[in-house]
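Following: one structure in C-alpha cells, then a few remarks.
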Amino acid sequence: MCFAADFCFLPEGCVANIISLTTPPDACRLALVSNMFRSAADSDAVWERFLPRDYHEVIDATAACQLLGLPKKQMFLRLSDIPLLIHGGLKSFFLDKWSGKKCFMISARDLGIVWGDTPCYWKWMPLPESRFAEVAELRYVCWLEIRGQIESSLLSAETNYAVYLVFKFTEGGYYGFDCQPAEASVGISGGGSCTKSVYLDYAEVGVPRQLHIVPRCVALFSRTRAQLLARQAPAPTREHASPAPKQRRDGWLEIELGEYFIKGGEVGELEMRLSEVKGGNWKAGLVVQGMEVRPKSLQVN
C-alpha cells in the first residue's frame, strides 16, 4: 500500500504515462490498486500506447465500423479476443493480448493451393466453426502444395513470428498424412528460407497406420480403382520423431511450419509453404482454414 500512497501524490496523467510503459496485463493488475489507479489504467492515453501505431491502416473501412466509438481499452480487448475480418474477408487480424503485437490469419481462399480450382481435387464450402466464409476440403490428390504470403510491413517489428497451418480432418476419415512427411518453409522472398519436415496426423513414431502409396499414373483410372490399389499397398512406419499437431481452443488443429524474426525496417513478403510432392501417396480428408502468423510465444485462444 505504500507504493499506492506514494503515487497518490502524482497527477493522474503522470500515473497513466507510467502505466503505459508497462504491458496490458500489468495495466489490468494496477487498476485494482485504487480508484485513482483504475481511472489512470483504464484511460485512452494508456491503451492507445498498447495498440499498434498503424492499426488504423491495417483495418479497412468496413472492419473499422465494428470498433467505432469504443474506448481504447475496449478496442484492445475486442481485437485480442475476437479476430477482425479484413481485406474483404480474406484475412483476419487480432492482437497478442500480452504485448499488443499484430497477428494475422490468411484464409484458405487467399492461399495458393495447387489444383485448388479443380472440383474433383478440392472442394470449397462454408463451415460454421471457421472464421472465414469458405474453407478448402481436400478430396483426392497426390500433389499437395499450399503457399501463402504477407507483407512484412504489416507485422510488428523486432518480433519473432511463427507460421501455423490451421486445419482439421473430415469426419468421414482421412489418409495419406501419417508416414510420409510434408516439407514446410518460412522466409522472406528472395532471402532464402529453412525447410523442415512435419507430419499432419497424430500417429506415434514406429506405429503404422494405413498409408496409401499409389503411383501417380493411377489418376488415369477411376477413383474407385485407385482406392482399391491403395488398400493393397503396404503401410510403412514413421521413422523419425516430429512435433505433432496441437489442438487449439477453437477446436481446430495447428502445426508450426517455421519461424522468422521481423527486423525493424525490413521490406518484402514473408512467404510460407507446405508441400508433399515426393512420396507419390494419395491424400484426402484435409480441411484447411488458413495459415496463421503470430508471435512465437503467443498461445492461440
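The values are calculated or read from the model by the stated rules, or taken from the named source; none is laboratory data. Because the structure is predicted, anything quoted here is derived from the model rather than measured. Heads up, the Cβs are rebuilt from the backbone with ideal geometry, glycines too, and the neighbour counts pull from every protein chain shown. These accessible areas exclude ligands, DNA and RNA; they are computed on the full protein's heavy atoms, side chains included. Shrake-Rupley method; radii C 1.70, N 1.55, O 1.52, S 1.80 Å.
Could you please give the count of residues in region 71-91 that are open to solvent by 60 Å² or more (accessible area, probe 1.4 Å) and in contact with a helix residue (DSSP H, G or I) (Cβ under 9 Å, 6 or more places away or on another chain)?
Total meeting the criteria: 6.
If I filter region 2-14 for residues that are among the aliphatic types (A, V, I, L, M), touching a residue at least 24 places away in the same chain (Cβ under 8 Å) and surrounded by 13 or more Cβ atoms within 10 Å (Cβ to Cβ), do I get at least one hit? Give the derivation first.
Start the filter on region 2-14 by keeping residues that are among the aliphatic types (A, V, I, L, M), which leaves 4-5, 10.
Next, only the ones that are touching a residue at least 24 places away in the same chain (Cβ under 8 Å) stay: 4.
Restricting the remaining residues to those that are surrounded by 13 or more Cβ atoms within 10 Å (Cβ to Cβ) gives none.
Looking for residues that are among the aliphatic types (A, V, I, L, M), touching a residue at least 24 places away in the same chain (Cβ under 8 Å) and surrounded by 13 or more Cβ atoms within 10 Å (Cβ to Cβ), one finds none in region 2-14, hence no.
Is region 110-126 home to any residue that is buried (at least 16 other Cβ atoms within 10 Å of the Cβ), among the aliphatic types (A, V, I, L, M) and closer than 16 Å to GLU292 by Cα? The answer is yes; a qualifying residue exists.
Checking each residue in region 266-287 for being open to solvent by 30 Å² or more (accessible area, probe 1.4 Å) and either within 14 Å of the chain's Cα centre (by Cα) or of a type outside the set (Val, Ile, Thr) (or both) picks out GLU266, GLU269, GLU271, ARG273, LYS278.
Just checking, does region 31-40 include any residue being farther than 30 Å from PHE9 by Cβ and either open to solvent by less than 40 Å² (accessible area, probe 1.4 Å) or not assigned by the TED database to the domain that holds SER153 (or both)?
Just the residues of region 31-40 that are farther than 30 Å from PHE9 by Cβ, to begin with: none.
Looking for residues that are farther than 30 Å from PHE9 by Cβ and either open to solvent by less than 40 Å² (accessible area, probe 1.4 Å) or not assigned by the TED database to the domain that holds SER153 (or both), one finds none in region 31-40, hence no.
If I filter region 97-109 down to residues being within 22 Å of ALA61 (Cα to Cα) and outside any strand (DSSP E or B), which single residue comes out as most open to solvent (accessible area, probe 1.4 Å)? Give the derivation first.
Initially, region 97-109 is screened for residues within 22 Å of ALA61 (Cα to Cα), giving 100-107, 109.
Checking which are outside any strand (DSSP E or B) leaves us with 100-101, 109.
Numbers: GLY100: 7, LYS101: 62, ARG109: 109 Å².
Among those that are within 22 Å of ALA61 (Cα to Cα) and outside any strand (DSSP E or B), it is ARG109.
Among the residues making up region 28-42, those that are more than 33 Å from the chain's Cα centre (by Cα) and not in a loop (DSSP other than H, G, I, E, B) are ASN35, MET36, PHE37, ARG38, SER39, ALA40.
Just give me the residues in region 251-301 being assigned to a strand (DSSP E or B) and in contact with a His (Cβ under 7 Å, 6 or more places away or on another chain), in sequence order. Give the steps one after another, and end with the answer.
Of region 251-301, the ones assigned to a strand (DSSP E or B) are 253-262, 269-276, 281, 283-284, 286-295.
Answer for region 251-301, where residues must be assigned to a strand (DSSP E or B) and in contact with a His (Cβ under 7 Å, 6 or more places away or on another chain): just ASN281.
LEU21 falls short on exactly one of the conditions (1) farther than 25 Å from TYR161 by Cα; (2) in a loop (DSSP other than H, G, I, E, B), and that condition is (1). Quick check: is even one residue across region 166-181 modelled with pLDDT under 95, assigned by the TED database to the domain that holds LEU274 and polar (S, T, N, Q)? Among the residues of region 166-181, at least one is modelled with pLDDT under 95, assigned by the TED database to the domain that holds LEU274 and polar (S, T, N, Q), which makes the answer yes.
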